[in-house]
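K.L.:
If you scroll down you'll find the structure; I have some questions about it.
The values are calculated or read from the model by the stated rules, or taken from the named source; none is laboratory data. Given the structure is predicted, the values throughout are model-derived calculations rather than measurements. Every residue, glycine among them, receives a Cβ derived from its backbone with ideal geometry; neighbour counts consider all protein chains shown.
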Amino acid sequence: MLQKISAFILLLIVWFIFAGKITVDVLIIGSAVSLLITLFFSDLLFREVHRRLPWYHYLRKLALLLLFIPVFFYEAVTAALKVSKHVFEKNPSFNPGIVKVKTELTDITGLSLLANLITLTPGTLTLDYDRNESAYYIHWIDVETVEEAEMKKKIIARFERWVGVIFR
């Protein structure tokens, strides 16, 4: 019950932040929406952790996530510059295609984060993940190689290494 109350309060606070003001109508609508979300989805928010880890483990994960943010921004900016180069070319020379890139990640949270990082990077879009082959299908705006190891290095290697360490 405490989890549901906590979720309701957290959602209501987020509602107020996004609304930008606290009025009666914002309070009523926010309370109704927060209550519905809490009733239907709070079990997903507070799932049972099967193994108990010490508090410093979570502090380490937070520190690694904070260290990873500049790495992601660097990768996103360099990819955006490559894509913008193609935009300004008189005769565009890009070679779009769908490639299959295998990953060694097994944690579902890590796999989801990696898929989102690939999609957030300009020039790539995660289309699907094949569980049997542990591979992503990615639309790549400029397919530079068809060699599997080289594709992995160019598209996901840096992200995969960080995500693997964070979600180990």
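K.L.:
For segment 99-157, how many residues meet the condition of being among the aromatic types (Phe, Trp, Tyr) and within 15 Å of the chain's Cα centre (by Cα)? Quick ask: steps written out before the conclusion?
P.N.:
Kept after step one, since they are among the aromatic types (Phe, Trp, Tyr), are these residues of segment 99-157: 129, 136-137, 140.
Next cut, within 15 Å of the chain's Cα centre (by Cα) only: 129, 136.
Going through segment 99-157 one residue at a time, the tally reaches 2.
K.L.:
Of all residues being outside any loop (DSSP other than H, G, I, E, B) and among the small types (Gly, Ala, Ser) in segment 114-163, which is surrounded by the most Cβ atoms within 10 Å (Cβ to Cβ)? Just the residue, please. Even if it seems obvious, please write down each step before you answer.
P.N.:
Just the residues of segment 114-163 that are outside any loop (DSSP other than H, G, I, E, B), to begin with: 114-120, 124-130, 135-140, 148-155, 157-163.
Now drop any that are not among the small types (Gly, Ala, Ser), which leaves 115, 135, 149, 157.
Values: 115: 21, 135: 17, 149: 11, 157: 15.
Only one residue fits best here, namely 115.
K.L.:
Moving on. Which pairs do you get when a residue that is in the same structural domain as residue 151 (by TED's automatic domain parsing), found in segment 74-96, comes within reach of a residue that is surrounded by 11 or more Cβ atoms within 10 Å (Cβ to Cβ) and assigned to a helix (DSSP H, G or I), reach meaning Cβ atoms under 8 angstrom, with the pair 6+ apart or on two chains?
P.N.:
75/158; 75/159; 76/120; 92/86; 93/86; 94/86
K.L.:
Okay, moving on. Within segment 120-168, can you find the residues that are modelled with pLDDT of 90 or more, of a type in the set (D, E, K, R) and in contact with a Pro (Cβ under 9 Å, 6 or more places away or on another chain)?
P.N.:
none
K.L.:
Right, here's the next one. Is there any pair with a first residue in segment 131-154 that is in the same structural domain as residue 104 (by TED's automatic domain parsing) and a second that is part of a helix (DSSP H, G or I) and charged (D, E, K, R) whose Cβ atoms are under 8 Å apart and which are 6 or more apart or on different chains, and what are they?
P.N.:
Here the result reads 142/82; 144/150; 144/154; 145/154; 152/160, each pair linking segment 131-154 to a residue that is part of a helix (DSSP H, G or I) and charged (D, E, K, R).
Quick grid of which residues meet (1) touching an Asp or Glu at 6+ places or on another chain (Cβ under 7 Å); (2) modelled with pLDDT under 85; (3) within 30 Å of residue 164 (Cβ to Cβ):
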site: 1; (1), (2), (3): no, yes, no
site: 34; (1), (2), (3): no, no, no
site: 38; (1), (2), (3): no, no, no
site: 64; (1), (2), (3): no, no, yes
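K.L.:
Turning to a different aspect of this structure: Take the residues in segment 49-76 that are loosely packed, with under 11 Cβ neighbours inside 10 Å and of a type in the set (Val, Ile, Thr), then tell me which one is farthest from the chain's Cα centre (by Cα).
P.N.:
49
K.L.:
Give the residues of segment 1-26 that are of a type in the set (A, V, I, L, M) and closer than 17 Å to residue 41 by Cβ, sorted by residue number.
P.N.:
Our first condition is that a residue be of a type in the set (A, V, I, L, M); within segment 1-26, this holds for 1-2, 5, 7, 9-14, 17, 19, 22, 24, 26.
Across segment 1-26, the qualifying residues are 1, 2, 5, 7, 9, 10, 11, 12, 13, 14.
K.L.:
Could I ask something else about it? Hey, any hits in segment 19-31 for a residue that's more than 19 Å from residue 124 (Cα to Cα), among the basic types (Lys, Arg), modelled with pLDDT under 90 and in the same structural domain as residue 127 (by TED's automatic domain parsing)? First the steps, then the outcome.
P.N.:
Start the filter on segment 19-31 by keeping residues that are more than 19 Å from residue 124 (Cα to Cα), which leaves 19-31.
With among the basic types (Lys, Arg) added as a condition, the list becomes 21.
Adding the requirement that they be modelled with pLDDT under 90 leaves 21.
Narrowing further to those that are in the same structural domain as residue 127 (by TED's automatic domain parsing): none.
No; the residues of segment 19-31 include none that is more than 19 Å from residue 124 (Cα to Cα), among the basic types (Lys, Arg), modelled with pLDDT under 90 and in the same structural domain as residue 127 (by TED's automatic domain parsing).
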